[in-house]
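The values are calculated or read from the model by the stated rules, or taken from the named source; none is laboratory data. Model, not experiment: these values are computed from the prediction. Reconstructed Cβ throughout: ideal geometry from the backbone, glycine too, with neighbour counts over all protein chains shown. Please note that ligands, DNA and RNA were not included when accessible areas were found on the heavy atoms of the full protein model with its side chains. Shrake-Rupley method; radii C 1.70, N 1.55, O 1.52, S 1.80 Å.
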Amino acid sequence: MNVVSRTLRRVMKPAAMRALLAWERIESGVSYDPTSSKIKANPYEKYRKLRALDPVHRLRLIDGWVLTEYDHVNAVLRDHRRFSNQRDSKGTNYGDDADYGGESDYTTLLGMDPPDHTRIRSLVSKAFTPRAVAGLQPRIQQIVDDLLDDIADKDRFDLIESFAYPLPITVIAEMLGVPSQDMDSFELWSNDVSLSIEPTVSEERAIRIRQAGEELFEYFDSIIALRRKQPQDDMITALMAVEDEGDRLTHQELLAMLLLLLVAGNETTRNLIGNGMLALLRNPDQLQKLRDEPDLMDNAINELLRYDSPVQLDGRRVVEDLEIGGKQIRAGQRVISMIGAANRDPSVFTNPDTLDITRQERSHMSFGRGIHHCLGAPLALLEGRIAFASLLERFSSISLLREPEYRDQVVLRGVNELWIEVQRPPAAPTETPSAQLSALSR
């Protein structure tokens with residue numbers, strides 16, 4: 001269980017929590033409550049208020065600070081020397097890494113600083129090259145086509161359950177070499193483990209997270225043992241084989257990397273598809289523009305990532321006393337970089353609350369910055385491009401049946417369901433045999 005979860009549970013008594021939030025409001029005119037259902041449904045109104053009144057905001061629920069300006073977020077995420085991801089004796093940073101059963105040996109890349117981070121990322125990058133990702137395009141297209149074929153007789157369906165959820169989990173499972181008969185268990189483990197990076201989890205969820213992590217590690221242990229005897233053309237075999245000047249991943253490092261690939265390769269892409277399609281449906285002019293100008297697809301994917309980021313925040317621990325925006329930050333405190341807020345900073349993006357798939361301004365932060373920039377970004381972009389292009393080609397009309405609810409999460413943002421109604425292009429007329437003979441005789 002991470003430190004923020006423990007801390008928040010200690011202050012969850014309504015009276016104590018109200019007092020802390022009131023303290024924040026007195027100090028700055030605004031408060032930030034990550035447990036608020038209103039914020040989880042729409043955090044952007046709160047981001048605007050924080051940015052306007054207190055862009056470097058003292059978070060009293062933990063010993064930390066919340067940053068909502070683009071330049072502040074950018075500076076923190078790029079500065080790994082003064083802002084650490086390393087796990088400490090107190091636990092983990094807010095929204096950075098998980099504690100899977102309290103085993104510190106299983107810290108992932110997200111919870112490391114150089115030189116450990118540099119070494120492991122260098123090794124993993126050898127098996128996760130852009131060329132390797134590009135080679136996945138035909139298979140991803142086939143998976144997308146198969147999923148859409150499965151709903152060929154449906155005019156109304158939940159896009160998350162039918163498409164956005166199974167697509168990335170199938171892709172990452174196949175990359176890792178998970179047998180198809182194990183997919184059901186793999187999906188359940190992925191859902192539970194993904195909750196581990198959330199700052200607020202109930203005791204019941206914490207038990208599920210720990211159990212899922214233990215079961216997943218046992219499962220990967222068995223797969224690794226099989227691959228040692230019979231190597232396959234998959235990511236697990238590749239990660240076992242990567243070497244740099246005699247250096248290899250340890251067994252614990254390999255397990256942690258597989259877990260990270262599972263969570264990062266599944267949750268973020270599912271949210272990109274769900275959040276992105278919802279944004280397009282709420283902005284039909286942009287949806288039509290994308291239909292009319294399919295060459296805008298790459299630009300559109302990046303705008304969808306900016307507009308409603310699948311990852312909303314990233315936490316760091318301050319290494320030395322320093323100043324941000326005129327505020328004195330002490331060593332040991334936590335700084336929460338609000339990626340979703342930075343992506344809508346009006347000093348950087350013109351009309352930031354407007355979806356504009358032709359936008360050409362500075363890049364979004366949805367894949368992070370610096371040494372922790374998302375290793376799987378090329379894969380997410382490829383899956384998103386194929387997914388949206390195929391959806392628009394397969395369906396001539398897509399409409400929202402009802403407003404969705406967002407999942408009860410703060411770090412990862414996505415909807416539970418996305419019910420849509422679709423229409424398909426009319427089938428091409430089939431010529432009768434007599435018409436075909438007539439054409440041949442001409």
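Quick rundown of the values:
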quantity	calculated
Using distinct alpha-carbon pairs, which all enter the 1/r mean, Kirkwood radius of segment 291-394 in Å	15.6
Shape category assigned to the chain from the gyration tensor of Cα positions, a/c cut at 1.5	oblate
Cα shape, segment 153-218, gyration tensor, a/c 1.5 rule	oblate
FRET efficiency for Asp247 and Ala134, using Cβ-Cβ distance with R0 set to 25 Å, rounded to 0.05	0.40
Helix-only [θ]222 nm of the chain, DSSP H runs n ≥ 4, -39500 (n - 2.57) each, per residue, nearest 500	-15000 deg cm²/dmol
Hull volume in cubic angstrom per residue (convex hull over the Cα atoms of segment 218-368)	194
Lys/Arg +1, Asp/Glu -1 at C-beta; segment 217-260 dipole; positive extreme among Ile224, Leu260, Met240	Ile224
Rounded if a/c under 1.5, otherwise prolate or oblate - segment 208-301, Cα gyration tensor axes	prolate
Highest-MSF residue in the chain out of His364, His57, His373 [GNM, Cα springs under 10 Å]	His373
Carbon and sulfur %, accessible surface of the chain computed with the full protein complex present, 1.4 Å	49
Angle in degrees between helix 203-229 and the longest Cα principal axis of the chain, rounded to the nearest 10	60
Virtual paramagnetic centre 7 Å along Cα→Cβ of Asn191, amide N under 14 Å, in segment 251-289	267
Using alpha-carbon coordinates, inclination of helix 44-53 to the longest axis of the chain, degrees	40
Accessible surface, the chain, averaged per residue in Å² (probe 1.4 Å)	45
Segment 387-403 - phi-based ³J(HN,Hα) in whole Hz, Karplus 6.51/-1.76/1.60, Gly and Pro as x	4, 5, 4, 6, 4, 5, 6, 6, 10, 6, 8, 9, 9, 7, 7, 7, 5
Largest to smallest accessible area among Leu59, Leu401 [probe 1.4 Å]	Leu401, Leu59
Point-to-point label distance, Glu417-Ser36, nm (Cα→Cβ direction, 7 Å offset)	2.8
Sites matching GluC sites (Glu not before Pro) across segment 278-387 that sit in DSSP coil, with at most 13 neighbouring C-beta atoms within 10 Å	Glu320, Glu361
Karplus 3J(HN,Hα) series, Hz, for segment 16-21 with 6.51 cos²θ - 1.76 cosθ + 1.60 (x for Gly, Pro)	5, 5, 4, 5, 5, 5
Phi-based couplings in Hz for segment 178-195 (Karplus 6.51, -1.76, 1.60; Gly and Pro marked x)	6, x, 4, 5, 9, 4, 4, 5, 4, 5, 5, 4, 4, 4, 6, 5, 4, 6
